[in-house]
Amino acid sequence: MSGRSQQDLRPTAHPASYWASTGNPAPKLSELAADLQTEVVIIGAGFTGLSTAYHLQKAGTACVVVEAQDTGWGASGRNGGMLPPRYKKGYAAIAKRYGNDVSRRLHGLMLEAVDTVEAIVADCDINCDFHRSGQLTAAHSSEHLRSLEADRDWMASEAGDKAARILDRHQTMDEVGGGSHVGGWLDPRGAGIHPLNYTRGLATALLARGVEIYGRTPVLRLVEEPASVRVETPRGSIRARHAVIATNAYTDATGFAPGKLDRRIVAINTSVIATRPLSANVAATVLPARRMVADTKHIMNWYRITPDNCVIFGGRGDITGRSDNPGVYAMLERQIVETFPQIGEARIGQRWSGKIAVTRDDFPHIGRLSPSVSFAMGYGGRGVALSNLLGKLLARLARGEAIEAGPMSDNRFAPIPFHAFRVPGMQIVASWYRHLDAKAIRAERRAAA
């Protein structure tokens, strides 16, 4: 297998995000400048790759990690740091499509995903503000609230899980401190972290335990040989028994995309703003219980408040991939004031964007390109927890073990037809979704009048 023609491989600084401005020092990584041999080579030093390395190291399997930029440079250092114990699709809908047995398996895996992050934080003593704040899914319409109620009922009856509860309109307003939601789903097991500090802390712990991690080392080519694989980089190479591809939405950032992996996902921009610290009086009225919140709109918003009282507010970015489109940030600034009128004209401290990878079935995927090459990607905005879980499963694949992850490992994961036309296609879909969201919100306002 080989990548495409080499693109821009120059190292790029982290975006000027809230996470970068409050982050702990990054571990100093050398560029690979030698020929090495190991058991497993891992391509990508984000959540997926570092979790894979962590679980391989715990199992006593030697591994080396290579990263084109720096630890957490991609989505792992730019996201909201939220760990919702839910998939993009609800459990009742999953059960209807795949059956109760598969849905129960997925339910257990999701809880394991959040637990995995918590266990890594504890084992590696990572200072990343991990806390079980609870996850609130805020319904923007009665139809979506009914879907959340169906999920609660399925969990209670089929999984024996009664931890989540449904909130009415007034309870949701009290939890959020604003907005116009009709109700919500609250699961106390949801969690939050400082995502860049998590990646940096995990990388630092792995280095201290003897795992080699190389930065500014893009992979140019992956060659499968009779009894090994060889990864070629600008100044060195690594020969291994097995290779793991953990590059997610940035899979084709350097022209390296074996197995047409870049065409099996659609990389979508997501944009984020962070306010400057709110006064103590105002901060007390915004997400008073410090929940992680995401709404149910097709073009969703999500938000949280940080320990130093900054509100982080995210949503869909520029579909064309431009990270500096001022119109996107202006829209987010309108939405944050609509959600939290009490903050007034918010003083924005940082604006940044990143990419998430979505798939046709709304599940991430894990599998093999060949007996000696494995991958996991396509988290669709749910990657903080799930990427760490799939990193654990990738470690098992690399050790020759079987895994069972329901649709994440069993569903077909083929290149998407007409992938070259994804941008105009997404523009059409996004326009339709915005229409549906606006229509549902107008209907709820009429009903409440």
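The values are calculated or read from the model by the stated rules, or taken from the named source; none is laboratory data. These numbers come from a predicted model, not from an experiment. Cβ placement follows ideal geometry from the backbone for every residue including glycine, while neighbour counts extend to all protein chains displayed.
Out of (1) surrounded by 19 or more Cβ atoms within 10 Å (Cβ to Cβ); (2) over 20 Å from Ser17 (Cα atoms); (3) touching a Lys or Arg at 6+ places or on another chain (Cβ under 7 Å), the odd one out for Asn269 is which?
Only one criterion is unmet by Asn269, namely (2).
Would you confirm whether or not the range 413-435 contains a residue that is within 16 Å of His181 (Cβ to Cβ), out of contact with any helix residue (DSSP H, G or I) (no Cβ under 7 Å at 6 or more places or on another chain) and surrounded by 12 or more Cβ atoms within 10 Å (Cβ to Cβ)?
no
List every residue pair whose Cβ atoms sit under 9 Å apart, with the two residues 6 or more apart in sequence or on different chains, where the first one lies in the range 79-105 and is under 15 Å from Asp361 (Cα atoms) and the second, anywhere, is among the β-branched types (Val, Ile, Thr) and at pLDDT below 95.
Lys88/Val358
Please find, among Ser21, Ser51, the residue that is closer than 26 Å to Ala395 by Cβ, in contact (Cβ under 8 Å) with a residue 60 or more places away in the chain, not basic (Lys, Arg) and not assigned by TED's automatic domain parsing to the domain that holds Ala150.
It is Ser51.
From the set of residues in the range 360-370 that are touching a strand residue (DSSP E or B) at 6+ places or on another chain (Cβ under 9 Å) and at pLDDT 95 or above, which is surrounded by the most Cβ atoms within 10 Å (Cβ to Cβ)?
Checking each candidate, the answer is Pro364.
Only one of Asp308, Asp410, Asp318 is among the charged types (D, E, K, R), over 20 Å from the mean Cα position of the chain (by Cα) and not assigned by TED's automatic domain parsing to the domain that holds Val40; which?
Asp308
If a residue has to be crowded, with 20+ Cβ neighbours inside 10 Å, out of contact with any Leu (no Cβ under 9 Å at 6 or more places or on another chain) and not in a loop (DSSP other than H, G, I, E, B) to count, how many in the range 55-76 make the cut?
Selection size over the range 55-76: 1.
Being under 30 Å from Ala440 (Cα atoms), touching a residue at least 40 places away in the same chain (Cβ under 8 Å) and in contact with a helix residue (DSSP H, G or I) (Cβ under 8 Å, 6 or more places away or on another chain) narrows it down to one of Val211, Val244, Val272, so name that one.
The conditions single out Val272.
Going through the range 272-303 one residue at a time, which ones are surrounded by fewer than 16 Cβ atoms within 10 Å (Cβ to Cβ) and touching a His at 6+ places or on another chain (Cβ under 9 Å)?
Within the range 272-303, just Arg290 meets the criteria.
Confirm whether Gly177 is within 26 Å of the chain's Cα centre (by Cα), in the same structural domain as Lys88 (by TED's automatic domain parsing) and either within 18 Å of Ala113 (Cα to Cα) or not hydrophobic (A, V, I, L, M, F, W, C) (or both).
For Gly177, the condition - within 26 Å of the chain's Cα centre (by Cα), in the same structural domain as Lys88 (by TED's automatic domain parsing) and either within 18 Å of Ala113 (Cα to Cα) or not hydrophobic (A, V, I, L, M, F, W, C) (or both) - is not met.
Within the range 333-449, considering only helices (runs of 4 or more DSSP H) that don't extend past its boundaries, which have at least 1 residues that are under 27 Å from Phe313 (Cβ atoms) and in contact (Cβ under 8 Å) with a residue 12 or more places away in the chain?
Answer list for the range 333-449: 383-398, 422-448.
So is Glu212 modelled with pLDDT of 95 or more and either not assigned by TED's automatic domain parsing to the domain that holds Ala26 or not polar (S, T, N, Q) (or both) or not?
Against the criterion (modelled with pLDDT of 95 or more and either not assigned by TED's automatic domain parsing to the domain that holds Ala26 or not polar (S, T, N, Q) (or both)), Glu212 qualifies.
Taking the stated definitions as given, is Phe340 touching a Lys or Arg at 6+ places or on another chain (Cβ under 9 Å) and buried (at least 23 other Cβ atoms within 10 Å of the Cβ)?
No, not satisfied.
Which of the residues belonging to the range 205-214 are crowded, with 22+ Cβ neighbours inside 10 Å and in a helix (DSSP H, G or I)?
Leu206
Quick one: which helices (runs of 4 or more DSSP H) sit completely within the range 90-161 and have at least 2 residues that are of a type in the set (A, V, I, L, M), more than 22 Å from the chain's Cα centre (by Cα) and assigned by TED's automatic domain parsing to the domain that holds Thr48?
Fully inside the range 90-161 and qualifying: 91-98.
Would a scan of the range 10-18 turn up a residue that is modelled with pLDDT of 95 or more and touching a Leu at 6+ places or on another chain (Cβ under 8 Å)?
yes
What number of residues within the range 161-188 satisfy the criterion of being closer than 29 Å to Ser21 by Cβ and either surrounded by fewer than 19 Cβ atoms within 10 Å (Cβ to Cβ) or β-branched (Val, Ile, Thr) (or both)?
Count: 2.
Could you identify the single residue in Thr52, Thr48 that is farther than 20 Å from Gly192 by Cβ, modelled with pLDDT of 95 or more and not in a loop (DSSP other than H, G, I, E, B)?
Step by step, each of Thr52, Thr48 is checked, and only Thr52 is farther than 20 Å from Gly192 by Cβ, modelled with pLDDT of 95 or more and not in a loop (DSSP other than H, G, I, E, B).
Please specify each residue of the range 238-293 satisfying the condition of being outside any strand (DSSP E or B), closer than 22 Å to Val65 by Cα and basic (Lys, Arg).
Within the range 238-293, just Lys260 meets the criteria.
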